[in-house]
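The values are calculated or read from the model by the stated rules, or taken from the named source; none is laboratory data. Bear in mind the structure is a predicted one, so any value in this text is a computation, not a measurement. Quick reminder, even Gly has a Cβ in these numbers, built from the backbone with ideal geometry, and neighbours come from all protein chains shown.
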Amino acid sequence: MFSLFRRPQQVKASLTKTRASFLTRLTALVAKNEINEEFWSALEETLIGADVGVETTVALVDKLRARAEKEHVRDASRVQEMLKEELTAILEIPNDKLQMTNHQSPITVLVVGVNGSGKTTSIAKLTNYYKAQNKKVILAAADTFRAAAIDQLKIWGQRVGVDVVAHQPGADPGAVAFDAWQSAHARRADYLVVDTAGRLQTKFNLMKELEKIARVLQKNDASAPHETFLVLDAVTGQNGLQQAREFKKATPLTGLILTKLDGTAKGGIVFAIAKELQVPIKFIGTGEAIDDFAEFDAKEFVEGLFE
């Protein structure tokens, strides 16, 4: 059963560019039906070409070779099926769904990511996703270093129909988060979604800032933040993986939101990120519209890559 925000065709369509390059190579390789050294080398090239990453690819192909030998596989189409199984396994990271337990205290979601990754748009889509479940949402404009970020969040808040708590540009992000929590609590909001600054070039300051926001939130609710989502731009490929490494050092991540998947032929970066970080991918952006936002499902994603 699929919700409004997890449509198989939507996910499949977003993978068009990746599938076009990846599946064309793989189909030609499987058609030869010769499992030899050349086959394994070509499979490695195909996976690396889809930006699965060298380390992930080598480990994956080694595992497939071992399975093929153990199971006495001689048919290349069977190797393709095994590849689907192994790719799905990489993505099936335990993904605990947060349950609303105390309506008096809003579920607090920190959203982090570099500027330009699609962070603010993803916040709007996430808010729309929550609202579709009849949840009340308040946004906090805690990226106070850029006036444009505050204005952009306010515009999205108006479009989606939610209130945005904001201070003047340059204000203390922790103070914004504190006031936003108080407002969300007073209005009995289900979710408080907090936008944060995305400045990786000052990693130390970024880490301290995120820690401070968390501490301030914990003055109101010791269990906050309940979720910390990292927004990654799929188009950036291996750069996105590097960004993810740095943010994971800066703050405990509970999930990833992958954006702009429809704009890249290198959607294989999903596997490299999942394998290295062991952080579940929770949502993917599948287009530009507000509801082009899908709950992530490993099997559905892999099927979309192969169909």
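Summary of computed values
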| read-out | value |
| --- | --- |
| Filtered residues of the range 216-235 (kept if under 16 Å from VAL112 (Cα atoms) and part of a helix (DSSP H, G or I)) | LEU217, ALA234 |
| Selection within the range 165-204 - surrounded by fewer than 20 Cβ atoms within 10 Å (Cβ to Cβ) and β-branched (Val, Ile, Thr) | THR202 |
| Candidate set from the range 1-42 (those that are among the aromatic types (Phe, Trp, Tyr) and at pLDDT 75 or above); member that is farthest from VAL61 (Cα to Cα) | PHE22 |
| Positions within the range 236-262 being surrounded by 24 or more Cβ atoms within 10 Å (Cβ to Cβ) and in a strand (DSSP E or B), in sequence order | LEU256, ILE257, LEU258, THR259 |
| Matching entry among ALA180, ALA197, ALA214 (being modelled with pLDDT of 85 or more, hydrophobic (A, V, I, L, M, F, W, C) and touching a helix residue (DSSP H, G or I) at 6+ places or on another chain (Cβ under 7 Å)) | ALA197 |
| Tally of residues being modelled with pLDDT of 85 or more and within 17 Å of SER122 (Cα to Cα) across the range 248-269 | 7 |
| Residue count for the range 23-64, restricted to those that are free of Cβ contacts under 8 Å to residues at least 24 places away in the same chain, closer than 15 Å to PHE271 by Cα and β-branched (Val, Ile, Thr) | 5 |
| Qualifying positions in the range 45-58 - surrounded by 15 or more Cβ atoms within 10 Å (Cβ to Cβ) and either in a helix (DSSP H, G or I) or at pLDDT 90 or above (or both) | THR46, LEU47, ILE48, GLY49, THR56, THR57 |
| Residues of the range 106-161 satisfying the condition of being of a type in the set (S, T, N, Q), out of contact with any helix residue (DSSP H, G or I) (no Cβ under 7 Å at 6 or more places or on another chain) and not in a helix (DSSP H, G or I) | ASN115, SER117, GLN133, ASN134 |
| Every pair of residues 6+ apart whose Cβ atoms lie under 6 Å, when the first sits in the range 1-21 and is on the phi < 0 side of the Ramachandran plot while the second is at pLDDT 75 or above and of a type in the set (Asp, Glu) | PHE5/GLU295; ARG6/GLU295; PRO8/GLU300; VAL11/GLU300 |
| Boolean, LYS299 is in contact (Cβ under 8 Å) with a residue 12 or more places away in the chain and surrounded by fewer than 19 Cβ atoms within 10 Å (Cβ to Cβ) | yes |
| So THR88, is it buried (at least 24 other Cβ atoms within 10 Å of the Cβ) and farther than 22 Å from GLU209 by Cβ | no |
| Matching residues in the range 285-295 - criterion: being crowded, with 21+ Cβ neighbours inside 10 Å and either modelled with pLDDT of 90 or more or polar (S, T, N, Q) (or both) | THR286, PHE293 |
| Residues that are within 14 Å of the chain's Cα centre (by Cα) and either of a type in the set (D, E, K, R) or surrounded by fewer than 20 Cβ atoms within 10 Å (Cβ to Cβ) (or both), drawn from the range 214-234 | GLU227, ASP233 |
| Test: residue in the range 199-220 that is under 18 Å from LYS136 (Cα atoms) and in contact (Cβ under 8 Å) with a residue 60 or more places away in the chain | no |
| Which listed residue, of LEU277, LEU258, is free of Cβ contacts under 8 Å to residues at least 60 places away in the same chain and touching a strand residue (DSSP E or B) at 6+ places or on another chain (Cβ under 6 Å) | LEU258 |
| The range 162-188, residues that are touching a Ser or Thr at 6+ places or on another chain (Cβ under 8 Å), part of a loop (DSSP other than H, G, I, E, B) and within 13 Å of LYS136 (Cα to Cα) | VAL162 |
| Count of the range 111-139 residues which are surrounded by fewer than 21 Cβ atoms within 10 Å (Cβ to Cβ) and among the aliphatic types (A, V, I, L, M) | 1 |
